[in-house]
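These notes concern the structure reproduced below.
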Amino acid sequence: MSKTTSIDEVLAGKRTWAVACCDVLEGLRAMPNNSVQCCVTSPPYYNLRDYQIAGQIGLEPTLDEFLEKLVEVCEEVRRVLRDDGVFFCNMGDSYAGGAGGRGDIGNIIAGTQTRTKAVQAKRTPIPLGNAKPKDKLLVPWRLVLALQAAGWYVRDVIVWHKPAPMPESVTDRCTQSWEPIFLLTKSAKYFYDAEAVKEEAGKSGPYIGSKSQDGTLRKDIGNACATEWNGRNLRNVWTLAPEPFGGSHFATFPTELPRRCIKAGTSEHGCCPQCGAPWKRIVEREQIKRERPNEYVKRDGAEGTGNSCANTVAGVAVTTKGWEPTCKCNAGDAIPCVVMDIFNGSGTSGLVARRLGRRYVGFELNPDYAAMARERITSDAPLFNEAV
């Protein structure tokens, strides 16, 4: 049986999820074109850790070779992604050192099965090109520019702000407390459900639309500029703290990170069972107007003029009325969308995808990590998640 048979069964709707233990390119090349709605992943960072698995990505002799390998992988992602699909890619940076590696001192961490047994492993100095020892290599930006040149649309750069970052012993620069997440697409037009990830509108003090002590909505104070009545568009700075994880994996997403990506990048109603096109929301927008607290007097420079804003729109109420297909197949009820993580790791993307009712496929080269992810996803909801 092929290593990716379970992946084929997920795509065919016979399973809800699968984690295949195989090389990422081997797994991707076995998948059909246009079969995935959303990919959420974080590739291994350059020269950061040695997971001691033959064929691993991240320890290439030069940065150029590392980038070429990732571009090759991402070309396969683009092939299996639908034309209206989205790709969220988190990438960390590295520093040039005397022996390579993320830290300025030029060491990498040799991956082991327990964090407490992690050791420092010295490596042969890597070719630095134009980078000098202690230079920040700008790996995420080199990668995203290479992907843009390869044809990807770079639609957004999301800042993953880490309030509790990994401690660093350096004293001549700041501790690194954020990483970029790139939103990449195949096309200028793609599926993105902004309603699913709206955040609460930030306001200070009483405002139009807030409740008075008697429970009624205020219409007479605060900022009268038009805003979303029931939330605002998700900002691209995400403050996400780490979450406890008892498994032996160094790099795990906080669950909120893939949750936002998956909710924005896939339809919660599902997709067409024939062509995979996502269903979209049918929304109704209604302007909410306020009552002026006094008579408006046009500003003309004289004292007492301009005493009330002329705009009476307090906000926009958005209501989801239903869902409709974005294709003309008329193939019946929608089925769950497919989420993919090509560097599955501890399986956080899969865990969240299943909680949100999506199908999930993951690829993981390390058999210990693949087993860990399968156990983690299965145990999260044993009645609904079959072990595969």
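The values are calculated or read from the model by the stated rules, or taken from the named source; none is laboratory data. Remember, predicted model here, so these are calculated numbers, not experimental data. Every residue, glycine among them, receives a Cβ derived from its backbone with ideal geometry; neighbour counts consider all protein chains shown.
Which residue is surrounded by the most Cβ atoms within 10 Å (Cβ to Cβ), if the candidates are limited to segment 339-373 and must be over 9 Å from residue 19 (Cα atoms) and of a type in the set (Ser, Thr, Tyr)?
It comes out as 349.
Among the residues in segment 60-82, are any closer than 25 Å to residue 154 by Cα and aromatic (Phe, Trp, Tyr)?
yes
Is it the case that residue 322 is of a type in the set (Gly, Ala, Ser), farther than 12 Å from residue 272 by Cα and buried (at least 18 other Cβ atoms within 10 Å of the Cβ)?
no
Could you check segment 45-83 and list, in sequence order, the residues that are of a type in the set (Val, Ile, Thr) and not in a loop (DSSP other than H, G, I, E, B)?
71, 73, 77, 80
Can you find even one residue in segment 253-271 that is at pLDDT below 95 and under 29 Å from residue 14 (Cβ atoms)?
For segment 253-271, residues at pLDDT below 95 and under 29 Å from residue 14 (Cβ atoms): present.
Can you go through 128, 145 and tell me which one is modelled with pLDDT of 95 or more and aliphatic (A, V, I, L, M)?
Checking each option against the conditions leaves just 145.
Before we move on, is residue 6 under 19 Å from residue 360 (Cβ atoms), at pLDDT below 95, in a helix (DSSP H, G or I) and of a type outside the set (Val, Ile, Thr)?
Yes.
Residues in segment 34-44: is at least one over 21 Å from the mean Cα position of the chain (by Cα), within 28 Å of residue 191 (Cα to Cα) and not in a loop (DSSP other than H, G, I, E, B)?
No - not one qualifying residue is present in segment 34-44.
Which one of the conditions (1) modelled with pLDDT of 95 or more; (2) in a loop (DSSP other than H, G, I, E, B) does residue 238 fail to meet, given that it meets all the rest?
Unmet condition: (2).
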